Amino acid sequence: MDYIIKLIRKKANIFRSPWIWKFSWMDARHNLNRLLIFISSIVIGIAALVSINSFNFALQEDIDSQATELLGADMSISSRNKYFDSLFLRTIDSLKAETAGDARFASMVFFPKNEGTRLIQVVAIEGRYPFYGSVLLTDSSDIAEFHNGKSVMIDEVLAIQYDIRVGDSLKLGRGTFPICALVRQFPGNTSIGATFAPSVYVPYNLLDRTGLIQYGSRINYHKYLFLKDRDIDKIESVLRPLARQNRYGIDTVEERKEELGASFQNLYRFLNLLGFIALILGGIGVSSSVHIYLREKRESVAILRCLGASGWQVFYVFFIQINILGLIGTTIGIAVGIFVQYLLPQIVSDFLPVSVEFRISYVAVVEGFLVGFIMSVLFAALPLSDIRLVSPLEIFRSEVEPMKKVSKFRYMIIVLVILFPWLFAINQTGSLLYGSIFIGALLLTFICLFLAGIFILWIARKSISDKLGFVFHQGMANLFRPGNQTIILIVVIGLGTFILCTLSLIQNSLLGQVEFAGSGKRPNTVLFDIQPYQKDELVDFTRARNIPVQQVVPIVTMRLKSLKDKSVEEWQKDTTESISRWALNHEYRVTYRDSLIESESLNEGKLRVPVNDTIYISVSDGLAEDLNLKLGDQLEFNVQGVPLKTYVGSIRKVDWQRIQTNFMVVFPSRVLEQAPQFFVLITRIDTREKSAEFQQSLVKKFPNVSAIDLTLILATLDQIFDKVELVIRFMAIFSVLTGLFVLTGAIANSKYARLRENILLRTIGALQKQLIGMTLVEYFLLGTLAVISGCLLAIASSWALVRFFFEIKFNPEYVQLMFICLVIIILSTGVGWINTRSILSKSPLEVLRKEI
């Protein structure tokens, strides 16, 4: 620190010298076209940073302001039981609060108008809910009819899909109801949610007419409290212990804010780090363009040194240029970022439960300005630090040893170039760990690409041969000629390839997990909520339509009562054991059978039949890990009021991605046959028309049975992933564009270094088509080798992310990967050719007369 202070004081007078400013302006005026490349390297990175941070600020503010509307009440209590505990209800009554409620469950809907069917979410509303926010309807809708308890409302997405209008009717279970309103927005719902699971809103008093609520129906009941300006924290402290005893969930506005903040945390980090990558690439572009620019200026610098200018005076001449251009580039980047931030809410609005309004975050603007300016100065100062060491003798000799080999100033800049991005990454992620991991991974990628560049140059030297022909030989030799930019270009092109290929590979792996409705005989239709008395009739009904019944699986619901002779309540109070709380509180849906299915394999033990009333169950490896189970451990379940003691007989590995009836707990036969249960039927229907006909008949014959058409879900998921891909690619384009600017800048600047070389080749007889061939060979090899390096790194990193972070199967799409690589190779070759073709128009006499 003392060194920095002394350095600033010592050089302040030099910085104020008038001739430095004048000479800086005169020099920049004649080289403005080349310095513009420096500006372009900054603009995109700053634009990404400002737009993303400004959007994040706006999103957080809108979440805070709209959280009450998202919940629709001051407090929500959820239960799987229709009848809340009497003591709990009396406690709520004592609060003198206005209450409302709803019941939510999945079911099938049938539209008589066009005989369309669809799996939907039923929302049966009781009371004046929502208390906050408003239900947005289409112009022709009338919500008064809904409140009168005679009509239903449906999501506009569902109405558009089946060409339904206000006044039409729908059949839900055994009841047929007129539609009085089309809902565009309901508090807390998103467009994506409506696309995946559209809602039908029903007055609670009509629910019994549907006949849909039967044993085994999976229904979530909610009770909403309107507390106005009451002390919600105090009320929550009273209700929370009672809710915990009855396994109710409680949600408040503050908790909803925290949940939304947490759910968007990864989005924040992802977007922030994409902007940060663009900024780092811009920094590399700054350093590269300044380095090449100053290399061309060494002769001018040597002349200034001969005329008496000191090293620091020369440094300040170019430092002033870089600072002013950095300010200009940062300002332009902020303007572009503000424009992009206007577009972001429109692109991602489908994913957000709140409406995000465009607003300029001055905190993001100031932060972007400071970060952009500091980054441009730091990355430019690194190559600038060498300009002080140019010897006056360079005007007379081509090779001169530097005047000084060790520079504290240069070491200080190197430390700051590493330290500042690291601190900024920590700030962007809000975590020392994540920021350090990210900057470490980025440095590792740079190092790998740098080493790849060195290795490629070594291979090129060893592989070059006169047998290759003059054009190919010379183009290949250009990779390691003196003053080349091969390593820098490999790092830049390789990093851009790495980013694009990594995004593509991860996306394909995620999409691969939902491509379950493919060819072959895999099931694509699931019927659930089948009551025991309906099972045989439904099987006959299915087979009569030439549809195979692949599985009929019984399901029994139960909860864990004790584990290893210790009650669940005791485990919840024990903080010393690493037992998953969700596994203790989970409502288990189990089945019974004596054999494994395709998606299962045994890790330990074996499937065992009951022995002398000792029941041996099979648990999944995931549940065994969460409950810290091993063979022989005791678990006691509460089977709807009946205690049932069991022991772990085997531990199974389950492939949860397979479309099978997979379970965490499997009982042996001859134990649960008399327990209350429902059934699931798995089948495959080959054509969409046959599926639609079957579902229409199913809704009429068995209104309580719901059908999940996996082909429809797959199509919906494809739409969702397309929108996710749009968002990811929209943000990744900042990094790609910055990389292209850096690539263009580095190649454009390098043409000045090769101008003399190409003209000399023409002087000694090289033909223009030979020079064109050499250029294309050089940049094709450069782009290909850089792309291969970046692609291989992307495959390795994507495999690690998919395997250990997402914990899914690595499913690369190599055709798409090859297409991305081919585009980048063509782009690299094209940019190289475009930026060097002007060299071929130069006359050989220009170089001989020193008029270049």
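Just to be sure I understand: of the beta bridges DSSP finds with both ends in the range 599-698, what percent are antiparallel, rounded to 5?
Rounded to the nearest five, the antiparallel share is 70 percent.
Going by the alpha-carbon gyration tensor, a ≥ b ≥ c the square roots of its eigenvalues, is the range 412-485 rounded (a/c under 1.5) or, if a/c is not under 1.5, prolate (a/b greater than b/c) versus oblate?
Here the range 412-485 falls in the prolate category.
What does the accessible area of M75 come to, in Å² to the nearest 10, when a probe of 1.4 Å is used?
Estimated to the nearest 10 Å², M75 gives 0 Å².
Based on the alpha-carbon gyration tensor of the range 626-689 and its eigenvalue square roots a ≥ b ≥ c, which shape applies: rounded if a/c is under 1.5, prolate if not and a/b is larger than b/c, or oblate?
Oblate shape, in that a/c is at least 1.5 and b/c is the bigger or equal ratio.
Stretched out fully, how many nm does the piece from V823 to K653 gain, at 0.36 nm a residue minus the Cα gap?
57.0 nm
Can you flag which of K171/K535; K535/K701; K564/K630; K561/K653 are past 20 Å Cα-Cα?
Numbers: K171/K535 23 Å; K535/K701 13 Å; K564/K630 11 Å; K561/K653 24 Å.
Correct reply: K171/K535; K561/K653.
Quick one: if you stick a label point 7 Å off each Cα along the C-beta vector at K561 and V363, how many nm between them?
5.3
For the full complex of protein chains and a 1.4 angstrom probe, list H291, H473, H147 by accessible area with the highest value first.
Sorted by accessible area, descending: H147, H291, H473.
Which length gain, in nm to one decimal place, applies between I437 and E625 when the Cα-Cα distance is subtracted from 0.36 nm times their residue separation?
So the extension gain works out to 65.0 nm.
Note the full-extension length gain between R174 and S599 as 0.36 nm times their separation in residues minus their Cα-Cα distance, in nm to one decimal.
My answer for the length gained is 149.3 nm.
How far apart, in nm, are the 7 Å Cα→Cβ label points at W21 and A544?
The two pseudo-label positions are separated by 9.5 nm.
Tally Lys and Arg at +1 and Asp and Glu at -1 over the other residues with C-beta under 14 Å from the C-beta of R670: what net charge comes out?
-1
The values are calculated or read from the model by the stated rules, or taken from the named source; none is laboratory data. These figures come from a predicted structure and were not determined experimentally. Counting neighbours? That spans all protein chains shown, and the Cβs are built from the backbone with ideal geometry, glycine included. Accessible surface is based on the protein model in full, side chains and every heavy atom, while ligands, DNA and RNA are left aside. Shrake-Rupley method; radii C 1.70, N 1.55, O 1.52, S 1.80 Å.
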